[in-house]
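To start, the structure itself, in structure tokens.
Bear in mind these aren't lab numbers, they're just calculated from the coordinates by the rules spelled out. Since the structure is predicted, the reported quantities are computational estimates derived from the model, not experimental observations. Cβ placement follows ideal geometry from the backbone for every residue including glycine, while neighbour counts extend to all protein chains displayed.
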């Protein structure tokens, strides 16, 4: 049974890591800038803040990953991990 406990502990560590990363993205995001964006971009930026998933956030925005990454920087959202 120790293997299950090890996996459970690692899973808890990863969950905590992702929560901390999300909290940091939320804290440093320029919410005024994000709210001023057209709905499609605002939703994509908010999705990125919650998930850290650049690939799918760019797809939601209808942008390349490079273009979306530039928007992320303008929005003050840190890249974590």
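Relative contact order for the chain: what is it in percent, counting Cα pairs under 8 Å that are at least 6 residues apart? Can you show the working numbers first?
On the way: 66 pairs, mean separation 26.7, N = 81.
For the chain, the relative contact order is 33 percent.
Which FRET efficiency value, to the nearest 0.05, is calculated for residue 47 and residue 5 with the Förster distance at 30 angstrom and r the Cβ-Cβ distance? Show your work: numbers first, answer last.
On the way: r = 34 Å, r/R0 = 1.13.
After rounding, the FRET efficiency stands at 0.35.
How far is helix 2-28 tilted off the main Cα axis of the chain, in degrees rounded to 10, range 0 to 90?
20 degrees
Cα convex hull of the range 2-74: how many Å³ per residue? Working shown, then result.
Numbers: hull volume 6.3 nm³, N = 73.
Convex hull volume per residue, Cα atoms: 86 Å³.
Against the longest principal axis of the chain, how steep is helix 39-51, in degrees 0 to 90 to the nearest 10, with axes from Cα atoms?
Roughly 20 degrees, rounded to the nearest 10.
Sticking with the crude label model, points 7 Å out along Cα→Cβ, report the distance from residue 36 to residue 13 in nm, one decimal please.
Spacing of the two 7 Å Cα→Cβ label points: 4.2 nm.
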